[in-house]
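Before any comments, here is the structure.
Just so you know, all these numbers are worked out from the coordinates, no wet-lab data involved. Nothing here was measured: the structure is a model prediction, and the numbers come from that model. Please note: Cβ atoms are built from the backbone with ideal geometry, for glycine as well, and neighbour counts cover all protein chains shown.
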Amino acid sequence: LGLPQVGDKIGCYRYQRFPDNVALTKDLTVAMCVDIGLLTHAQADRLQIFRFDPTEEGGTATALQNAPAAFLPCETTRFGLVPRLLNDIAALVGPRPLHAATAVSLIHIGVGGLCGASRCLSSPIFTWGLLADMTINDGNNQTVGPASTLPTAPSVIVKDSGGGAVAGATVTFSVASGNGSITGAVDTTGADGIARLGSWTLPSAPGTYSLTATLPGAGGSPQTFTATRIPVGIASASVSPTTLPIGGLEGTATVSVTNGTGAPASGLVVQGYILQGAGESAARRFGGTSLQATGDPFTCASDTCTLPGFNFSANGAGTGTLVCGSASAEFDLMQGETLLQTFTIPITLSSAGPCP
C-alpha cells in the first residue's frame, strides 16, 4: 500500500501526518486501498478499517465507524494490482459525512473509517478486515458427576457482519485459578467458523465453575461458559447399535453412574429419550428406562456403578415426528422427583425402508 508495515504485524500499517506539529482536534478519516482478492461483492461492501493497539500479549483491534473513501483513488496498473495513493500522504484528512465505504474498482476498493484525532494519532496503526462476532456454539451450562471431564468440549463460532463463517481466527480459552484444568487452550476457527477447546476437567469439589473464550477485536468477546459438578451423576452412556430404526427393533442403552458422596445413593432411576430438531418442529420421544432392567430404583454404593443394559428404541410416546438423520439420546438421572443430571450423546435414526 505504500505504507510501512509495523513489525511482525503483517497487514498493519502505521499512518503519519505532515506536518506533524499541527494540533488536530477534529475527527479524522483513515483510508486505504484494499485488494479484495477472492472476496465476494457482499463481503467487500462490509470491509472496515480497524485501529490496532499493540500490547505485550499481541494487541487488540477496534473497528472504526464507516466513512466514505472516494477521495482515495484505487486502481490497477500494467504492473499488476498496485493501488495508486495520493502522492505520499498517509490518508489522514478532515471528517466527511458518514455512509458505507464506496467501491471504486472491481479489483481495489477504497475503505474509510472515522477516528477521533487524539486516539488516531496516539495509536496510528491500522489494518482492514471484516468485522467478526463471536458467540457460544455449544458446550455451555453442562452438568457432570464426579467423573468431572465435560462430555462436550466448549466451542464458539465466529461470523462476519453478514453472518458468514470466519475461518482462521485464533481463539484462546482460559480458566481462572480454582476452575479446573483445560487442554487445547488455543484453537483456530475452521471453514465453519468454529473453534473448540480440547477438554475441560472440573475440580473435585461440587460447585459451579467458569471458563472464558477470547478473540481480540471481535464483538461478543470474551464469552463465558459455566459448568456444574454434582456429587452423583452420569459418567458415561452408550446406545448399541448407534443407528436406531424408527418404529423398528430395540437397541440397548448402557449407563454408568458415579457417586462421590462417600455414602450410598439410593432411589436412582435413569429415563431415556430421543431428541431431534429444534423449535416448533422439535421431537422428544420416550426411549426407555433403567426400571426395565432393575425393576426398582437402584442404589449406587460408591465410586462408579454400571447399570444392566435396558431396552432403548425409537418407538416411544412423546411429541413431534422422528425422521431419518442425526438425533440425540438423552438420559435423565432422577432421584425420586429430583432431576440430578441430563446427559446426551449423538445417535442416528434410520427407517425400515429407504430414508427420504
Please list the non-local residues whose amide H lies under 5 Å from the amide H of T149, H modeled 1.01 Å from N, same-chain partners needing a gap of 5 or more. L202
Gained length - T224 relative to A167, 0.36 nm times residue gap less alpha-carbon distance: 18.4 nm
Using 0.36 nm times the number of residues separating T299 and S240, minus their current alpha carbon distance, what extension gain do you get? 18.8 nm
Expected unfolding gain across A176-S204 under the 0.36 nm per residue rule, minus the alpha-carbon gap, is 8.5 nm
Sites E280 and T338 - FRET efficiency at Förster radius 35 Å, r taken between beta-carbons, to 0.05: 0.75
Which one, C300, S256, S210, projects farthest toward the positive side of the charge dipole computed for region 189-312 from Cβ point charges (K/R +1, D/E -1)? S210
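Starting from the Cα gyration tensor of region 255-356, take the square roots of the eigenvalues, sort them a ≥ b ≥ c, and report rounded, prolate or oblate (rounded when a/c is under 1.5, otherwise prolate if a/b is larger than b/c, else oblate).
Working: a/c = 2.53, a/b = 2.20, b/c = 1.15.
Because a/c hits 1.5 or more and a/b exceeds b/c, region 255-356 counts as prolate.
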Between the modelled labels at S326 and I345 (7 Å from Cα along Cα→Cβ) the distance in nm is 1.8 nm
Relative contact order for region 205-272: what percent, with Cα pairs under 8 Å and sequence separation of 6 or more? 26 percent
Defining a contact as two alpha carbons under 8 Å apart and six or more residues distant in sequence, what relative contact order in percent does region 162-291 show? 15 percent
Principal axis dimensions, region 252-303 - Cα atoms, whole angstrom, descending: 43, 23, 17
By what distance, in whole Å, do the Cα atoms of region 149-270 stretch along each of the three principal axes, largest value first? 50, 43, 20
Inter-label distance, nm, simple model (7 Å from Cα along the C-beta direction), V186/T149: 2.3 nm
Find the relative contact order for region 271-356 and round it to a whole percent, using C-alpha pairs within less than 8 Å whose residues are 6+ positions apart. 31 percent
